Amino acid sequence: METKEQIYRHLRDLRDHLMAQTGRAAEIIDGEIVMVMSPVPLHGLTAKRIVRQLDAQLTPPLAAFESTDTDEEHLGKLRIPDIVVVPEQAMERVDPRAPPRAGLVPSPIGSGRRDRSGCGLAH
């Protein structure tokens, strides 16, 4: 029998394959792969403005980044928050893990109603 982590890794591999085939982003939520919509331009602009404000206030090695995977294998969740704040060194890896802070720009559409616990996302 596969462990929860093994099942999650399989889902993550399948998610990566689906993203490559469709060109769309996807998250893993409660054991399901959820394809997510691209943000509307105003949403992206708002995230960019927040990143600029955060970067002006953060001290090295912390920096703000947009739309980066946050992968919590032990929780079985992979999210793509609008903004993450991590040490710059964490972004040098292929898969940054467990950012200390992440944020979402509220959106009237998309997966905003889904559980956002774990992966540094408050709910």
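The values are calculated or read from the model by the stated rules, or taken from the named source; none is laboratory data. Nothing here was measured: the structure is a model prediction, and the numbers come from that model. Here the Cβ is made from the backbone with ideal geometry for all residues, glycine too, and neighbour counts use every protein chain on show. Note: accessible area is taken over every heavy atom of the protein model, side chains too, but ligands, DNA and RNA are not part of it. Shrake-Rupley method; radii C 1.70, N 1.55, O 1.52, S 1.80 Å.
Within the set of pairs 6+ apart or on separate chains, which have a first residue in region 58-79 that is closer than 18 Å to Glu92 by Cα, a second that is of a type in the set (Lys, Arg) and open to solvent by 50 Å² or more (accessible area, probe 1.4 Å), and C-beta atoms under 7 Å apart?
Glu66/Lys48; Asp71/Arg97
Scanning for something open to solvent by 20 Å² or more (accessible area, probe 1.4 Å), modelled with pLDDT of 85 or more and more than 24 Å from Glu5 (Cα to Cα), does region 95-104 turn up at least one residue?
No, every residue in region 95-104 fails to be open to solvent by 20 Å² or more (accessible area, probe 1.4 Å), modelled with pLDDT of 85 or more and more than 24 Å from Glu5 (Cα to Cα).
Looking at Leu42, Leu14, can you tell me which residue is of a type outside the set (Ser, Thr, Tyr), out of contact with any Phe, Trp or Tyr (no Cβ under 9 Å at 6 or more places or on another chain) and either exposed (fewer than 12 other Cβ atoms within 10 Å of the Cβ) or within 20 Å of Glu92 (Cβ to Cβ) (or both)?
Of the residues listed, the single one that is of a type outside the set (Ser, Thr, Tyr), out of contact with any Phe, Trp or Tyr (no Cβ under 9 Å at 6 or more places or on another chain) and either exposed (fewer than 12 other Cβ atoms within 10 Å of the Cβ) or within 20 Å of Glu92 (Cβ to Cβ) (or both) is Leu42.
At least 1 residues that are small (Gly, Ala, Ser) in each: list the strands (runs of 3 or more DSSP E) lying fully within region 19-78 that qualify.
Strands (runs of 3 or more DSSP E) meeting the threshold: 25-29, 62-66.
Inspect region 49-63 for any residue being out of contact with any Gly (no Cβ under 7 Å at 6 or more places or on another chain), small (Gly, Ala, Ser) and either open to solvent by 90 Å² or more (accessible area, probe 1.4 Å) or modelled with pLDDT of 85 or more (or both) and give the result as yes or no.
The answer is yes; a qualifying residue exists.
What pairs can you find where one residue is in region 12-40 and closer than 13 Å to Leu78 by Cβ, the other is open to solvent by 70 Å² or more (accessible area, probe 1.4 Å) and among the aliphatic types (A, V, I, L, M), and their Cβ atoms are less than 7 Å apart, with a gap of 6+ or different chains?
Note: pairs meeting the criteria are Ile33/Leu14.
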